[in-house]
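The values are calculated or read from the model by the stated rules, or taken from the named source; none is laboratory data. Since we're looking at a predicted model, the values are computed, not measured. Backbone-built Cβ (ideal geometry, glycine too); neighbour counts: all protein chains shown.
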Amino acid sequence: MRVPEEVLELARTAKGVTVLTGAGMSAESGLATFRDAQTGLWAQQDPSELATPEAWEADPARVWAWYRWRMTLMTRAQPNAGHRALAEWSEAGDAHLWVVTQNVDDLHERAGSDVLAHLHGSIFALRCSRCGQDADAVGEPLTEPVERLDPPVCVHCGGLVRPGIVWFGEALPQDALERAEAATLSADLVLVIGTSGIVYPAAGLPIMAHHRGVPVVEINPEETDLSDIATATWRVPAGEALPALLTALRENTA
Ligand code: BV8
Ligand code: ZN
């Protein structure tokens, strides 16, 4: 696959690259994006309604069942060629890569990347919804999705254990957001991969970079709310673009 000249040039000369990823980064690992219609039990459900403290208050067993099934799917999923290329690019050491993700899966880490910030938390980091203390893992993965599943109970206070996710209307982890902002401001290239750019404050990071004159490259088969601020757009899947970019970078340095 040919790498657009402008993208290659920006990547070749960059010393510090901040990569912001969204659900599209994990699409080629078989994980549905938020935009993809929910399948099965949640077909009628808008994910952004399920991913709220209100939904949890109203029906914790329904929300827990959804997250338990997503944990199963994310455990079964494997990092794709895009995840691996980012990890190899970082290891190659020509440029420093800061990976900032909106994804709650651990595919970047399993591909070998150090993730600077999980802006929206991690599905495997469980905590008590009452006392906030971390909770242990939750036993065997589900073999099939279930409509309702009682959340585990906190061993400290008896409260319900929830996924360590940032739900809509909840504040992002301040330290993660600050690290992401610092990396965005110290980068000389921002790569925006597989995100529709509609959820804030995450989508504000590339916009902040753009206003500081930092070039922004969007890798996404489709137009997004961030396309207007992109210096260059590359309309191909991440799992094809990133390995091609890495190969071209290596050829250039050879
Ligand atoms: C907060 C965890 C305040 C849950 C998630 C400013 C303006 C407007 C609204 C707001 C604003 N500020 C805040 C808001 C409200 C809200 C928000 O942004 N609403 C949106 C919908 C308008 N934000 C919040 O509520 C945030 N909290 O503001 O708190 C506050 C402050 C102090 C004190 C108290 C409160 C919290 C937001 C986080 C919510 N949690 N995830 C879970 O996962 O279950 S967000 C979740 O949805 C994801 O993490 C992700 O961020 C988002 C989905 O977006 P994408 O990842 O982009 O995925 P999407 O499916 O949309 O698109 C996929 C893209 O990939 C597409 O473009 C597609 O073309 C592309 N693609 C597909 N295949 C590929 C591909 N690309 C490359 N390769 C491929 N193969
Ligand atoms: Zn507790």
Scope segment 198-232; condition closer than 16 Å to VAL19 by Cβ and in contact (Cβ under 8 Å) with a residue 60 or more places away in the chain; matching residues: ALA202, LEU205, PRO206, ALA209, PRO215, VAL217, ASN220, THR231, ALA232
Output for segment 89-109, where each listed residue is on the phi < 0 side of the Ramachandran plot and of a type in the set (Gly, Ala, Ser): SER90, ALA92, ALA95
Number of the exception - TRP89 against (1) assigned to a helix (DSSP H, G or I); (2) within 15 Å of the chain's Cα centre (by Cα); (3) aromatic (Phe, Trp, Tyr): (2)
Residue check for ASP114: within 16 Å of ligand 2 (Cβ to nearest atom) and either surrounded by fewer than 15 Cβ atoms within 10 Å (Cβ to Cβ) or within 14 Å of the chain's Cα centre (by Cα) (or both): no
Segment 180-237: number of residues that are charged (D, E, K, R), farther than 14 Å from MET25 by Cβ and surrounded by 15 or more Cβ atoms within 10 Å (Cβ to Cβ): 2
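Residue by residue, here is whether (1) touching a residue at least 24 places away in the same chain (Cβ under 8 Å); (2) touching a Phe, Trp or Tyr at 6+ places or on another chain (Cβ under 7 Å) holds:
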site	(1), (2)
PRO47	no, yes
GLU57	no, no
ARG70	yes, no
ALA81	yes, no
TRP98	yes, no
Which listed residue is under 19 Å from VAL63 (Cβ atoms), surrounded by fewer than 19 Cβ atoms within 10 Å (Cβ to Cβ) and more than 8 Å from ligand 2 (Cβ to nearest atom), from ASP150, ASP175, ASP136: ASP150
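With respect to ILE229, is the statement that it is within 12 Å of ligand 1 (Cβ to nearest atom) and assigned by TED's automatic domain parsing to the domain that holds ALA85 true?
In short, no.
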Selection status of GLY169, at positive phi, surrounded by fewer than 19 Cβ atoms within 10 Å (Cβ to Cβ) and within 21 Å of the chain's Cα centre (by Cα): yes
Selection status of ARG162, within 16 Å of ligand 2 (Cβ to nearest atom), outside any loop (DSSP other than H, G, I, E, B) and more than 14 Å from the chain's Cα centre (by Cα): yes
Inter-residue pairs, beta-carbon under 6 Å, first over 10 Å from ALA51 (Cα atoms) and in segment 163-180, second assigned to a loop (DSSP other than H, G, I, E, B), 6+ apart: LEU172/LEU119; LEU172/VAL166; ALA176/LEU119
Criterion (in contact with a helix residue (DSSP H, G or I) (Cβ under 8 Å, 6 or more places away or on another chain), of a type in the set (A, V, I, L, M) and closer than 21 Å to GLY93 by Cβ) met by exactly one of LEU226, LEU189, LEU205, LEU185: LEU189
Positions within segment 100-137 being in contact (Cβ under 8 Å) with a residue 40 or more places away in the chain and either more than 16 Å from ligand 1 (Cβ to nearest atom) or part of a strand (DSSP E or B) (or both), in sequence order: VAL100, THR101, LEU116, ALA117, HIS118, GLY121, SER122, ILE123, PHE124
Residue list for segment 78-94, restricted to those being more than 13 Å from SER113 (Cβ to Cβ) and modelled with pLDDT of 95 or more: GLN78, ALA81
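Rundown of residues vs (1) aliphatic (A, V, I, L, M); (2) within 16 Å of ligand 1 (Cβ to nearest atom); (3) on the phi > 0 side of the Ramachandran plot, yes/no style:
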{"site": "GLU6", "(1), (2), (3)": "no, no, no"}
{"site": "THR13", "(1), (2), (3)": "no, no, no"}
{"site": "VAL17", "(1), (2), (3)": "yes, no, no"}
{"site": "GLN45", "(1), (2), (3)": "no, yes, no"}
{"site": "LEU73", "(1), (2), (3)": "yes, yes, no"}
{"site": "GLY82", "(1), (2), (3)": "no, yes, no"}
